[in-house]
Amino acid sequence: MDSTPAKGLTLYSHTGVAYRFDPGALSLELLTTGGPGPYRRYEVLHEPADLAAWADRSRLTPTPALEISADEVTDMRRLRDALFRVVIAHTRDEPPPPGDLEVINEAAARPALAPAITPTGERQWAGAPTGSHLAATVARDAVELLTGPFAHRIRTCAAEDCHLVYVDTSRPGRRRWCSMEHCGNRHKVRALRARHTEEG
């Protein structure tokens, strides 16, 4: 699992209000780009520039200068959809779809982004990174997450109308919301209103 500090994803509510969401892992950041079935309407990965923009927003540091083909965008969507189904099955204690595990494992077996040090001591990515290197990096992160010490802490936001998935890496392990400033705040407001109604 990638432990690099997040640059922070900015998401938007149904009403257009921006809020920050840190899912806690690179592979879970990919799930904010769309998904299978009903999540298809949130699709943002249509062309190479879209995937490059996602990499720029992700926790990868520094942002890799990627050469991405249209086929690699298709492959990344396939990986994301497989990962989505596997993660949701995991949160429900259900067996993962075997075909989806195969997609993740195949991607993880390919060469991933390789970090390097510049003469001035800065971090960079070696060689000429491609969309396939990015997919392999995401898939390996997913394998580490799903088989690692925080696997039991992968959760879906507690709000009924929110489907964002995150891994709770906090020490107490009591995180319930995708974001305190969004769903957490909405819950507080509802609870306050309910209390006032009972008292009124």
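Tell me yes or no: at least one residue of the range 80-89 is at pLDDT 95 or above, of a type outside the set (V, I, T) and more than 23 Å from V167 (Cα to Cα). Checked against the condition, which is being at pLDDT 95 or above, of a type outside the set (V, I, T) and more than 23 Å from V167 (Cα to Cα), the range 80-89 yields no hits at all.
Scanning the range 1-58 for residues that are open to solvent by 40 Å² or more (accessible area, probe 1.4 Å), modelled with pLDDT of 90 or more and at positive phi yields a single hit, G37. Can you find even one residue in the range 104-115 that is among the β-branched types (V, I, T), part of a helix (DSSP H, G or I) and either open to solvent by 20 Å² or more (accessible area, probe 1.4 Å) or in contact with a Phe, Trp or Tyr (Cβ under 7 Å, 6 or more places away or on another chain) (or both)? The answer is no, given that none of the residues of the range 104-115 is among the β-branched types (V, I, T), part of a helix (DSSP H, G or I) and either open to solvent by 20 Å² or more (accessible area, probe 1.4 Å) or in contact with a Phe, Trp or Tyr (Cβ under 7 Å, 6 or more places away or on another chain) (or both). Against the list (1) touching a strand residue (DSSP E or B) at 6+ places or on another chain (Cβ under 7 Å); (2) without any contact (Cβ under 8 Å) to a residue 12 or more places away in the chain, the condition R40 fails is (1).
Pairs are defined by a Cβ separation below 7 Å, a sequence spacing of at least 6 or placement on different chains, a first member in the range 108-127 that is without any contact (Cβ under 8 Å) to a residue 12 or more places away in the chain, and a second member that is of a type in the set (S, T, N, Q) and not in a loop (DSSP other than H, G, I, E, B); the pairs so defined are A116/Q124; T118/Q124. Listed by first and then second residue, the pairs linking a residue in the range 82-103 that is within 16 Å of T147 (Cα to Cα) and acidic (D, E) to a residue that is open to solvent by 90 Å² or more (accessible area, probe 1.4 Å) and assigned to a helix (DSSP H, G or I), with Cβ atoms under 9 Å apart and 6 or more places separating them unless they lie on different chains, are D100/R85.
Could you say which residue among A151, A159, A135, A139 is over 17 Å from R80 (Cα atoms), out of contact with any Gly (no Cβ under 8 Å at 6 or more places or on another chain) and either at pLDDT 85 or above or surrounded by 20 or more Cβ atoms within 10 Å (Cβ to Cβ) (or both)? The unique qualifying residue is A151. Restricting the first member to the range 54-77 and to residues that are under 19 Å from T10 (Cβ atoms), and the second to residues that are assigned to a helix (DSSP H, G or I) and open to solvent by less than 30 Å² (accessible area, probe 1.4 Å), the beta-carbon pairs closer than 7 Å and six or more apart or on different chains are W54/T33; A55/L134; S58/L26; S58/E29; R59/L26; R59/E29; L60/L26; T63/A55.
The values are calculated or read from the model by the stated rules, or taken from the named source; none is laboratory data. Computed from a prediction, not measured in an experiment: that's the story for all the values here. Note that we place each Cβ from the backbone using ideal geometry, even for glycine, and neighbour counts take in every protein chain shown. Side chains included, ligands, DNA and RNA excluded: accessible areas come from the protein's heavy atoms. Shrake-Rupley method; radii C 1.70, N 1.55, O 1.52, S 1.80 Å.
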